[in-house]
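The values are calculated or read from the model by the stated rules, or taken from the named source; none is laboratory data. Since this is a predicted model, take the numbers as computed values, not measurements. Cβ placement follows ideal geometry from the backbone for every residue including glycine, while neighbour counts extend to all protein chains displayed.
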Amino acid sequence: MAHSFRPYDPDQSHMFPACPKDWLSPGHLAYCIRDVVAQLSLAPIYAGYSADGRGAPALSPMMMVSLLLYAWCSGVFSSRKIARLCIDDLGARYLAGGYTPDHRTINEFMLRHGEALKGLFLQSLRLCQGAGMVSLGNVSLDGSKLAANASKHKAMSYGRMVEDEARLQAEVDEMLRRMKETDAAEDAALGKENPGSLFEEEISRRQERLAKLREAKAALEAEVRAAAEAKKAEREAKEAARAAEGKGKLGGRKPADPDTVLPKEKAQRNFTDPDSRIMKGGNGEWVQGYNGQAAVDSDNQVIVACDLDNMAADAPYLPEMIDQVIENTGAVPDTLTADPGYFSNANVEQLEGQGIEALIPPDRQRHGTPAEPAEPLPEEELAGMTVANRMRHRVSTAAGRAAYAKRKCTVEPTFGQIKGCPGSPGFRGFLRRGLEKCRQEWSWMCAAHNIGKYIRFQRARGCYAVS
């Protein structure tokens, strides 16, 4: 007797339940995102729409924000892939309410409300604080190099620009000369109405390249000139203050004249994304990108401050990041841990002046050479040490080692979770170009990370179920 099977027809009608809430399992990410968005203030986004009722109705900002957060928390960032989710993914279809916005609509929404969406980061932090996920007992600061939407092979150094400018100009001059000779010969042989040679296209292509090169060269020169003017103004202000106090002039080398200063030959500028810079990543490879900063609370890996810039060094970011932590949370952290890239006398002194215990070793620790923990010294003896020696001693004690070790399970995993493992969904680089747009995008990623932590925290407490 043949085995019987249940009827199977993929093309049958009404395959889904009539109620959308029956599509997904209880506690699905889509339901969690719906509840989170209901707690957010979307007033800055609504303010961007006209209130006179004219024009075609727009898609609901609540729906669009829900869809974006769902996609970002799922490791989907491309506007085309997000649009595809509204068709292929049940969670996205539920949040979209049956609408299927195309990638242009999604991209225009992000472009139009970029700054308002950037504010989601602070709201995500408020949610985590309200849930008791942030204590500020130990905050870890670190940076990660993130790839720009540009190739490092599209960058050129200032020295190469000078050489190529002269070469291209010589080629254009030579082609113009040859074009005049060829035109005269072709006019005599073929007549003035015959199109003849195509020198104009070749010249136009080289002139366009020359114009872009000169624009990049001028931008590099303007940056150096602005930096020189700032240094000159700073020195003049200090000399004026010393003169008012009856002191002599400042010693040392005078700042360069802004009118004569030139960029270094190795100073580079990218033609695709001029704001990005070539930086050395943590794996030793060179990256055309930006430096993403994050300050993370050790309790639940919640990001309490974030920033992005095109400066490769980490130490200059510390003062602003600490001020942002205090402003965002309304409290001062007890301890700040950071790797040696953030060490400087000024940084440590600022933290100590704000009542924050700094754990920033001035030297990179070598693997495989652990030493016995040092005995704590009296405060009077520590006060007589240099800042560097004080930091070396502080991170060498048993308590200092234990506190500093939290950095490896706080901020470093946070970057790993945002970027994802190789071959898995994750934020590997920016999709937009320009510092301000990439800064918005980095804030979105940090907000999605916090919201993901918030959802998991609430799930563990049994707070999320379909309603």
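Can you tell me which residue is surrounded by the most Cβ atoms within 10 Å (Cβ to Cβ) among those in the range 74-116 that are among the small types (G, A, S) and assigned to a loop (DSSP other than H, G, I, E, B)? By that ranking, first place goes to S74.
Might you let me know whether the range 129-137 holds any residue that is part of a strand (DSSP E or B) and in the same structural domain as D299 (by TED's automatic domain parsing)? No, the range 129-137 has no match at all. Taking every residue in the range 215-232 that is at pLDDT 75 or above and pairing it with any residue that is among the β-branched types (V, I, T), at least 6 positions away or on another chain, the pairs with Cβ-Cβ distances below 8 Å are R225/V261. Across the range 332-385, the number of residues qualifying as without any contact (Cβ under 8 Å) to a residue 12 or more places away in the chain, part of a loop (DSSP other than H, G, I, E, B) and farther than 29 Å from G282 by Cβ comes to 4. The test for being touching a Cys at 6+ places or on another chain (Cβ under 6 Å) and under 30 Å from F271 (Cβ atoms) holds for Y290. Checking each residue in the range 306-331 for being more than 22 Å from K280 (Cα to Cα), touching a residue at least 60 places away in the same chain (Cβ under 8 Å) and not in a helix (DSSP H, G or I) picks out only A331. Do we have any residue at all in the range 310-324 that's hydrophobic (A, V, I, L, M, F, W, C), more than 22 Å from the chain's Cα centre (by Cα) and either loosely packed, with under 14 Cβ neighbours inside 10 Å or at negative phi (or both)? Checking the range 310-324: not a single residue is hydrophobic (A, V, I, L, M, F, W, C), more than 22 Å from the chain's Cα centre (by Cα) and either loosely packed, with under 14 Cβ neighbours inside 10 Å or at negative phi (or both). The set of residues from the range 239-298 being buried (at least 20 other Cβ atoms within 10 Å of the Cβ), assigned to a loop (DSSP other than H, G, I, E, B) and in contact with a helix residue (DSSP H, G or I) (Cβ under 6 Å, 6 or more places away or on another chain) comprises P263, S298.
Of the residues that make up the range 386-394, is at least one assigned to a loop (DSSP other than H, G, I, E, B), at pLDDT below 90 and farther than 28 Å from Q288 by Cα? Within the range 386-394, one or more residues are assigned to a loop (DSSP other than H, G, I, E, B), at pLDDT below 90 and farther than 28 Å from Q288 by Cα. Tell me yes or no: at least one residue of the range 431-444 is at pLDDT below 95, assigned by TED's automatic domain parsing to the domain that holds S144 and over 15 Å from the mean Cα position of the chain (by Cα). No; the residues of the range 431-444 include none that is at pLDDT below 95, assigned by TED's automatic domain parsing to the domain that holds S144 and over 15 Å from the mean Cα position of the chain (by Cα).
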